[in-house]
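Quick notes on the structure that follows.
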Amino acid sequence: MNLTHRSIRSVCHFININCLRNFSSSKGIMTSSRHTNSKRIEGLDKNVWVAFTSVAADPTIVNLGQGFPDIPPPAYVKEGLANAAAVDKLNQYTRGFGHPALVKALSQVYGKVYGQQIDPFKEILVTVGGYGSLFSAMQGLVEVGDEVIIIEPFFDCYVPMVRMAGAKPILIPLRVKCNKKTNIVSSADWVLDPAELASKFTSKTKAIIINTPNNPIGKIFTRDELQMIADLCIKHDTLCISDEVYEWLIYKGHQHIKIATLPGMWDRTITISSAGKTFSVTGWKLGWSIGPEHLIKHLQTVMQNTLYTCPTPLQEAVAQGLLRDYELMGQPDCYFSSLAVELEGKRDRMAAILQDVGMSPIIPEGGYFMCVDVTSLNQDLSHMGDDEPYDYKFVKWMIKEKKLAAIPVTAFCGDASKKQFEKYIRLCFIKKDSTLDAAEAILKNWNS
Amino acid sequence: NFSCYVNQYLKIHSSSLIMSRQLHARRIEGVDKNIWVEFTQLAADYQVVNLGQGFPDFSPPSYIQEAFCKAVNGGCSMHQYTRAFGHPPLVTILAKFFSKVVGHDIDAFEDILVTVGAYQALFCTFQALVNEGDEVIIIEPFFDCYQPMVKMAGGKAVYVPLRPVSRGKALTSADWVLSSEELASKFNSRTKAIVINTPNNPLGKVYKREELQLIADLCIKHDVVCISDEVYEWLTYDGAKHVKIASLPGMWERTVTIGSGGKTFSATGWKVGWAIGAGHILKHLKTVHQNSVYHCATAAQEAVAVGFQREYEHFGTPESYFLQLPERLQHKREKLAACLESVGLQPVLPEGGYFMIADISSVKVDLNDPSTQGEPYDYRFVKWLIKEKGLATIPVSAFYSPEHSKDFENYIRFCFVKEDSTLSSAEAILRNWSNGK
C-alpha cells in the first residue's frame, strides 16, 4: 500500500478539496448534471470516520480513535471460522434472515437474558453489523415526515440514517449533574432532564433511539431512567430502537438493563446487538435485531430488498462462539464477563493516565470509550481558524503534533449542542498494553 | 372471569395497541413477497434434488479456500474493520484486473465500491441515483430483485421484453432479442437508468457488441445511466464473448458495472461484490453504503483479493479458474439440456451463466394441489414438482413484470452448476416420471 498516495488522499479529505473533480474536468470528461445524487442522500456524504480513519492508519500514530480492538479475538472464535470455511456447504448462501444455527443460538442466549422464549425465525434478524440493524429498522419503520428522538451525544450514524428515511431528528442532550462532592465525573452523572425529554415527544414522534451502554460517554441507563423513557413511549405510542452493542461491557457495580423487558415495551422495541463488539471481531460485521414479529417482519422485508443474506461461514462461527459462551454464562470463563474484567483494568489505567496530566475524564460505566475534557491543557488553537469546533481542531492538531489520534465528541452531537461538547475528545481503550504505554508516554511528555 | 377475558383479549390484540397509525414505512409496501424466501423454504422442507436457487453444490477452488483460511489465521487486523469502501488489497487488484479488461484506467479508491454481494451493489446504485418518479428501464426476463429495488427507491419500472425470434427449432438464448424500436420507445425525459444483465439470469443470453451498442446509443442520446449486472461475466459457452458495455465509447462515464466474488469463485456464501464506475457516480453509491452498512467483512475481502491476484497472474492460461470453470459447466449444460429434451421439456440453451430455462407446455400434469390454487401455472408446476417428484426448480414468471408475467407461465428455470451426481439424480427423477406417464 502506497503510503504517500494514501497521505495525499487524507490531506485532500482533511482540507476538503475534491481532487478528482478538478482532475476529471481537466481531462474533459463530461459529467452530466442528471447524474447527481438522489434527494434521499442529499447532504449525507460527510462522515467523521472517512475523515479521520485514513489519517490515523499511519503506523507512526498511536491510534485511540476508531473503536476497534488491537488485541486479538479469542482463539476459539477464530478457529470456529476456519472450521466453518472448511465445510463446502458453508461457503454457499444460507437462509436470508439469518443462518439457522445462528438464530437458534441467539434464541438460546437471549431467551435466557430476556427470561422469555424468543422465536429464532420470526423474532430475530441477522444483519451486517449493528449498523445494518439500525439501517433496517429505520428503513422498515420510519416514514417520511416522522420525528425520531435521539439522545446526544449519539453514535454519529443515527442522524444521517433518520434523514435518509426522510424523517426529522429531534435531539436532546445528556447534561452533567451539578452538586458533585468530588472532582471525579462518571458517565452516571450525565442525565436527561425529564421535563425536557417529555417536551420532545409530539404526535409526529415515531421512535426514540437509545444507546446503552452509550457511545461515546459510556453511560449505562438505570432502570429508573429507562422506565421514564418507557412511560413516554407508551403514553405517546412510539417505538423504541435500543442500540445495545456494548451490552456485555459492563463494569463493576453496574447492571445492563434491556428496555424491552420493561412492562409494555417488548411489543414496541427493536433491540440491536453486535457480534463484532461481543467477540472483538469488528471486521466480521455481523449483528442482529431482536423484537416482536410484527416489527421484525418489516426489517426482514428491508433485508430481502437490500442485501438478502449475510456471509455464511461467519454466521456459523458466531453461532459456535455463542453456544460455547452460553454454557459458561455466569462464570468467570465466559468471554462476555472476562472481556469486561480485562477492559475495566484498561479503563482505570486510561483514567489514571489522563488524571495524572491534569485532564478530567468522564469515567464510563460501560463500553470501551472514554471522553475527556481537554480544557485544562490550555491548548491555543486560534491559528487554526474559526470554521470548526474546538475539538475537531484539537484532534487534528494532536494527530499532527503529538502523533496521538482520538475522535472529536462534537461528531456525536447536533449543531445546537456543539458548544456543550466541544472541549471533549473520545479515546478508545480496548487496546493492548503497549498501545496504552505509548499513549501514556505522549501524554506525560505533553509540555516538553 | 371478566378480567381474565380482558387480559386474554389484550394479549391477543397487543400488537394492535401499538400505533393507531401505520407501523411500517410506505417504502416497503408491495416489496414484502420474495420468491427466494418462499422457494428456498420449500426446498428445505422437502427432500429435494435442488436445481432451484443459484449456488454451486461443489466446493470453491482449493486455492481460494486456502486464501480464506490464511486470512482467518492472519494478524489481528484481519478481524477488525478495514477501509469502508473496500479493503485496500481488494480494490487495488480489482482496479488492476478490470483496467485491463475494460480498457480504461480504473482508480482503486475513486472508481470502486466493495459491497455485501452484488445484491448490495444494486441496492446502493438504485438508492444513490433514483428519485421518486424517475423511470428505470428493465429488460425482461430479469433477476427478480431489480423490480422491488426500483420500487423501494420510488422509481417507476418500465419493461421491455426479450422475445424468441424463431419458433419450432431448438432455441438458444441468442434467439431471444430486443426489438430496437420497442426499446427506443421506452426512453423518455424521465428515464434515469436502464438495467442490463449479461450473461442474463434466467435466460443465459450473452449480449453481443451490436446489441450493447444499440443500448449504449440510446443511453448517450437520452443521457441515461446504465446499470450493468455482470455477475456471471466469466461463464460463457461455445466461444461466446462477454462484452462490457462500459468499454464502449462514451459509456465509461455513465455506467455502473456490478460484479460478484461469490459467482466468480463459486463461493456465494461469502457475499463479496463490487460496483465499478466513474468516480462522480460511484461517490453517490459510497454515500448510501456509508449510511447503510458502512463496512464489509475483512477476511472475505482479503481472500477474494488473493484470488484475483492469482487469476491476474494466470489470466488466459489453462490454470485460470476463469477458463476452467466455464469448461466444466459447458459439459454440465449439455448433459442437462439433453436430459430435458429426452423427457419432452424444451430447453433454451444458454450462451452463459448458471441457468437454463425449459418450456413445460408439452407436459400435462394434474396439479392436484388446492394450496396453490390461483397461483401462476409455473409456480403451481414447480411446487408440484418439489412435493411430488422431489426436484426443485424456479418458476420463470417470477422474472417478469406483473404486466407480462401471464405470457410467460410456461417456463421453469434449472440451475446446472451442480455436481454431476446431482444432475444424474435429477435425470433419474425426470426419466422415471417420463416413463411412468
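Couple of notes before you dig in:
- Beta bridges per DSSP with both ends in chain B, % antiparallel, nearest 5: 50 percent
- Counting only heavy atoms of the protein chains and using a 1.4 Å probe, B:THR40 has close to 50 Å² of accessible surface.
- Integer Hz, Karplus 6.51/-1.76/1.60 couplings in order for segment B:201-207, x for Gly and Pro: 9, x, 6, x, 5, 10, 5
- Calculated mean residue ellipticity, 222 nm, chain A: -12000 deg cm²/dmol, from DSSP H runs (n ≥ 4) at -39500 (n - 2.57) each, averaged per residue and rounded to 500.
- In the elastic network of chain B, a GNM with C-alpha springs shorter than 10 Å, the most mobile of B:SER260, B:SER371, B:SER361 is B:SER371.
- The figure for B:GLU38 is an accessible area of roughly 80 square angstrom, using a 1.4 Å probe on the protein chains alone.
- Chain B: most fluctuating residue of B:GLU29, B:GLU135, B:GLU110 per GNM, C-alpha cutoff 10 Å: B:GLU29
- Separation of the alpha carbons by more than 22 angstrom is noted, of A:LYS168/A:LYS200; B:LYS364/B:LYS406; A:LYS285/A:LYS403; A:LYS78/A:LYS431; B:LYS241/B:LYS263; A:LYS78/A:LYS122, for A:LYS285/A:LYS403; A:LYS78/A:LYS122.
- Cβ-based charge dipole, chain B, positive-most Cα from B:ALA25, B:SER361, B:THR264: B:ALA25
- Probe 1.4 Å, accessible area per residue of chain B, Å²: 36 Å²
- Peptide B:29-37, shielding by other chains (average Cβ, 10 Å cutoff): 4
- Rounded to whole Hz, the Karplus (6.51, -1.76, 1.60) HN-Hα couplings of segment B:387-392, x for glycine and proline: 6, 8, 10, x, 10, 9
- Cβ-based charge dipole, the protein assembly as shown, positive-most Cα from B:LEU282, A:ALA351, B:SER99: A:ALA351
- Taken about its Cα centre, chain B carries a charge dipole of roughly 600 debye when the Cβ of each Lys and Arg holds +1 and the Cβ of each Asp and Glu holds -1.
- Distant-in-sequence amide H partners of B:LEU391 (H built 1.01 Å from N, under 5 Å): B:VAL49, B:ILE386
- Between amide H atoms placed 1.01 Å from N, distances below 5 Å from B:TYR411 occur with B:ILE360, B:VAL396, B:SER397, all of them 5 or more places distant or on a separate chain.
- Share of carbon and sulfur in the accessible heavy-atom surface of segment A:75-328 [1.4 Å probe, %]: 53 percent
- Couplings 3J(HN,Hα) of segment B:277-286, computed from phi: x, 4, x, 5, 9, 4, 4, 6, 5, 4 Hz, in residue order, whole Hz [Karplus 6.51 cos²θ - 1.76 cosθ + 1.60, θ = phi - 60°; x for Gly and Pro].
- Per-residue ellipticity at 222 nm computed for chain B from its helices equals -12500 deg cm²/dmol, with DSSP H segments shorter than 4 residues left out and the rest contributing -39,500 (n - 2.57).
- Among the protein heavy atoms, those of A:HIS256 account for about 40 Å² of accessible surface (1.4 Å probe, every chain in place).
- Taking the DSSP bridge list for chain A and keeping only pairs wholly inside it, about 50 percent are antiparallel.
- For B:ASN131, no residue 5 or more places off, or on another chain, has a built amide H under 5 Å of its own.
- Axial C-alpha extent at least 24 Å, average Kyte-Doolittle at least -0.5 - helices from chain A (DSSP): A:335-356
- Residue ranges B:404-415, A:188-199 sort as B:404-415, A:188-199 when ordered by packing (mean number of other C-beta atoms within 10 Å per residue, highest first).
- Here the peptides B:60-71, B:184-195, A:304-315 are ranked by packing, the mean other Cβ count within 10 Å, and the order with the highest first is A:304-315, B:60-71, B:184-195.
- Top of B:TRP176, B:TRP274, B:TRP36 by mean-square fluctuation, Gaussian network on chain B, Cα under 10 Å: B:TRP36
- Members of A:LYS206/B:LYS192; A:LYS258/A:LYS444; A:LYS219/A:LYS423; A:LYS204/A:LYS258; A:LYS258/A:LYS419; B:LYS244/B:LYS383 lying beyond 28 Å, as alpha-carbon distances in this model show: A:LYS206/B:LYS192; A:LYS258/A:LYS444; A:LYS258/A:LYS419; B:LYS244/B:LYS383
- Peptide A:144-154 - average C-beta neighbours from other chains (10 Å radius): 1
- Ranked by solvent-accessible area (1.4 Å probe, protein heavy atoms only, all chains present), the residues B:SER362, B:SER99, A:SER203 order from largest to smallest as A:SER203, B:SER362, B:SER99.
- When you count the other C-beta atoms within 10 angstrom of each residue and take the mean per peptide, A:336-344, A:322-330, A:288-296 line up highest first as A:288-296, A:336-344, A:322-330.
- Partner shielding of A:89-101 amounts to 5, given as the average count of beta-carbon atoms from other chains within 10 Å of each residue beta-carbon.
- Three-way shape call for chain B based on the alpha-carbon gyration tensor, with the a/c threshold at 1.5: rounded
- Counting only DSSP beta bridges with both residues in segment A:75-328, the antiparallel share comes to about 35 percent.
- What you get for the protein assembly as shown, charging only the Cβ of Lys and Arg (+1) and of Asp and Glu (-1), is a dipole of about 600 debye around the Cα centre.
The values are calculated or read from the model by the stated rules, or taken from the named source; none is laboratory data. Keep in mind that what you see is a predicted model, and the values were worked out from it rather than measured. Positions of Cβ are backbone-derived with ideal geometry, glycine not excepted, and every protein chain shown enters the neighbour counts. Heads up: the accessible areas ignore ligands, DNA and RNA and are worked out on the full protein's heavy atoms, side chains in. Shrake-Rupley method; radii C 1.70, N 1.55, O 1.52, S 1.80 Å.
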